Structure formats: C-alpha cells, structure tokens
C-alpha cells in the first residue's frame, strides 16, 4: 500500500486533490481511499488530506502517520506544521515551490503549481487552485498514469483550464 499525506490551506484544493488522486488510481485499475482531516477550519487555515493506493482492497481508514509521500501545496504551512513528520525513509516529497529544495534521504519534486494555476487563470475567489496541476505533477513522477490523471480531471471539471494546468504541471515537474 502506498500512503500519501497532503498539506494545504483551506481553499487551495487539497481535499479535492486527494479525491482526484484516488479517482485516477481507480482509472489505473487500483484501489484507493481519500479523506481530509480538519475541524472548523476556514479558507486559508492548514488542512491535511490523506490518500491510500493499493493493488488490494484497502481496509485501513485512519490518518496516515508514516506516509510514503508528502505533498505540500503551500510551503507556508511548513512554518506551523512539521509536514515531514513520520515520512518513511526514502519517501518522496512533492512541493509547490519555485525554489530548489533538498531533504536528505528523500527525493524532492519541486514544481511551481501556483505559477501554473495563475498562468492558465485557474483562480477561485482570488486563490490559485492547485488540485488539478498537482495531479499532472504526480503523473509525471509515476504515481498515476497521465491518461488516468486527465480522465479523473475531465470527469470532475468541465472547465478546460483544469486539464491545461495538469498538462503544464506534467511538463514542468522534475521527475
């Protein structure tokens, strides 16, 4: 089983990103679960979401404490939360940033998800939406297939900017 923890802020699309990742995994013929963990948060507050992907049915429904991958949609949450807590040895990090980042013992995949969303005008209530571009980035690093990622997005959103953002992230992510 492959476990993912997503750190974002309310309104960025982290919860929807988890659902899209699971949906793409289904398209790839795998089992998946996705769920958020938050209380009475509001737009801008830190939110954590979880995804599990497996070739076998998943019977675990708890928070992911030792993820194989951490996704950080907003680097500012690292100032208030230890996003790398419990990250398994060799576990991957996908982070929304324009700056190179090194974390000893972990492959890091930086990609400017915010820049991509702004470039294609994928903005709601003044905030760039990061859920569809992150799916393109995950396809680039091989978590799901590109076809499955695009299919999940097309099933969920009518706006073609979502597919455009995913394709751009696919091209711009460093594998």
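The values are calculated or read from the model by the stated rules, or taken from the named source; none is laboratory data. This one's a predicted model, so the numbers in the text were calculated from it and none came from an experiment. Reconstructed Cβ throughout: ideal geometry from the backbone, glycine too, with neighbour counts over all protein chains shown.
Condition test on residue 20, is it touching a strand residue (DSSP E or B) at 6+ places or on another chain (Cβ under 7 Å) and either crowded, with 18+ Cβ neighbours inside 10 Å or modelled with pLDDT under 95 (or both)?
Spelling it out, it is not the case that residue 20 is touching a strand residue (DSSP E or B) at 6+ places or on another chain (Cβ under 7 Å) and either crowded, with 18+ Cβ neighbours inside 10 Å or modelled with pLDDT under 95 (or both).
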Could you look through region 95-135, keep only residues that are part of a strand (DSSP E or B) and touching a helix residue (DSSP H, G or I) at 6+ places or on another chain (Cβ under 6 Å), and pick out the one that is nearest to residue 163 (Cα to Cα)? 128
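Given the structure, is residue 143 touching a residue at least 24 places away in the same chain (Cβ under 8 Å) and in a strand (DSSP E or B)? Explain how you work it out, then say what you get.
On the way: touching a residue at least 24 places away in the same chain (Cβ under 8 Å): yes; in a strand (DSSP E or B): no.
It is false that residue 143 is touching a residue at least 24 places away in the same chain (Cβ under 8 Å) and in a strand (DSSP E or B).
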Tally of residues being surrounded by fewer than 23 Cβ atoms within 10 Å (Cβ to Cβ) and part of a helix (DSSP H, G or I) across region 149-167: 10
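This table checks each residue for (1) under 18 Å from residue 137 (Cα atoms); (2) exposed (fewer than 15 other Cβ atoms within 10 Å of the Cβ).
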{"residue": "66", "(1), (2)": "no, yes"}
{"residue": "70", "(1), (2)": "yes, no"}
{"residue": "73", "(1), (2)": "yes, no"}
{"residue": "84", "(1), (2)": "no, no"}
{"residue": "96", "(1), (2)": "yes, no"}
{"residue": "100", "(1), (2)": "yes, yes"}
{"residue": "120", "(1), (2)": "yes, no"}
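Table: residues versus (1) in contact with a helix residue (DSSP H, G or I) (Cβ under 6 Å, 6 or more places away or on another chain); (2) in contact (Cβ under 8 Å) with a residue 24 or more places away in the chain; (3) in a loop (DSSP other than H, G, I, E, B).
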site	(1), (2), (3)
3	no, yes, no
33	no, yes, no
43	no, yes, yes
47	yes, yes, no
53	yes, yes, no
77	no, yes, no
83	no, yes, yes
